[in-house]
Amino acid sequence: MTHRLKELREGRARIAAEMRAILDGAEAEKRAPTPEEIQKHEALFDKTEEMRKLIGMEERQIELDRESAVKSDAEQRKDPAADKPAELRMQGFRSWLKGGNTGEGFPEFRALSVGTDVEGGFLVTPEQFVAQLIQAVDNQVFIRRRATKIPVPSAQSLGVPTLDADPADADWTTELQTGSEDSTMAFGKRVLTPHAFAKRIKVSNDLLRKSLLPAESIVMQRLAYKFGITEEKGFMTGSGSAQPLGVFTASADGIATSRDVSTGNSTSAITFDGLINAKYSVKAQYWARANWTFHRDTVKMITKLKDGDGQYLWRPSVREGEPDTVLGHPMDISEYAPNTFTTGLYVGLFGDMSFYWIADAMNMQMQRLNELYAETNQVGFIGRQEVDGMPVLGEAFARVTLA
């Protein structure tokens, strides 16, 4: 852990202690917190959120530095001729990003243009770039980090076999008998078909030409942020029609309403009993990899909850790589999780996100806009990617619902 990361974690822990002191003081005096105390508590919570984001950024940078060091070491030891075709393609892609070169005169034209319409401004990006972009998006949004990701060629569909009904229990029998024939087990199939989505970014021509960073890294960083937002919304609340099916969308093809848990919650707030009921509605075999998903407004509410022994449910992270926890399980915070506290609406999720499957098509296309932003010395890029996602096992999840 770096010195800066250690300082950030210790500072966040001190702020969390201040928050608890406010609530404990009011409880000791057997009164509700005053408006001033509530305002201070919420202001402190906002500070913890700012520091949580800074901690996440620092951890991602540390991981990127580690990956770069490993990659650099591997590149020094590998056979220079081994990846020549792929490297030639990346060189051509880099040249196209920097200057839009598509003519016969530049050396990588042949490798870059096979099967693509470079003359029309469109280009199928190298798979190496797509893989790096997807990895960068993983660092931006949490569902991708926890989900099961499957690359598929082009935009072909991916069939997902499902067990729609378990077999009946085994029968007690004798040595020479096999029990009754089972008629309850049933298999089904769901289909993941990557759907197209696009984002436009602008990059300075000077930055592309003069930066010490490779051009593809600059473009990738910008696209990762843009794609990440779109994907996270889809994975959270997507309808499943020409877009991913979200975990907060009730569907027989994903997480059915039978997995909604409202018992213990009020019509306007989440409670300790409600969280307990949600956790224990999921089978224990899924707990090892299960995590909570909330909006920060929900987390703000949870920071004030205590268990039956007077212990706070929310525990801020104090170690590198460990997230905040609730009831002993990691907690992820997303701006795109539901946060309307009204009767019957979703306010959280508990479950094993490895049972959310993501299908990534690897034939990402990009278009270069040379003239549109010429007055500001910028060039535009439109990235077109194809992805689909859905929960494939409903019983691995429980949605927290208000009563």
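Each residue, Ser204 and Ile229, gets one label point 7 Å from its Cα in the Cβ direction; the gap between the two is 2.1 nm.
Size estimate for the stretch 329-383 follows the Kirkwood approach: the inverse of mean 1/r over distinct Cα pairs works out to 16.3 Å. Pairs from the list Lys98/Lys233; Lys98/Lys149; Lys53/Lys300; Lys30/Lys304 with a Cα-Cα gap above 23 Å: Lys98/Lys233; Lys98/Lys149.
Using the Cβ-Cβ distance between Arg145 and Ala28 with R0 set to 51 Å, the FRET efficiency works out to roughly 0.80.
Evaluating 6.51 cos²θ - 1.76 cosθ + 1.60 at θ = phi - 60° for every residue in the stretch 231-237, the Karplus couplings come out as 5, 4, 4, x, 5, 7, 10 Hz, glycine and proline recorded as x.
The convex hull drawn around the Cα atoms of the stretch 211-350, when projected onto a plane and averaged over every direction, covers 11.4 nm².
The calculated FRET efficiency for the pair Ser266 and Thr2, based on their C-beta separation and a Förster distance of 41 Å, comes to about 0.45.
Among 337-350, 256-269, what's the highest-first ranking by average C-beta atoms within 10 angstrom per residue?
337-350, 256-269
Placing pseudo-labels 7 Å out from each Cα toward the beta carbon at Gln221 and Glu50 gives an inter-label distance of 2.3 nm.
Quick check for you: which residues of the stretch 11-27 have the amide N under 20 Å from the point 7 Å beyond the Cα of Glu36 toward its beta carbon? Counting only backbone N, you get 18-27.
Any read-out appearing in this document is the output of simple, stated calculations on the displayed coordinates, not a laboratory observation. It should be emphasised that the depicted structure is a prediction, and the values quoted were computed from it without experimental measurement. Heads up, the Cβs are rebuilt from the backbone with ideal geometry, glycines too, and the neighbour counts pull from every protein chain shown.
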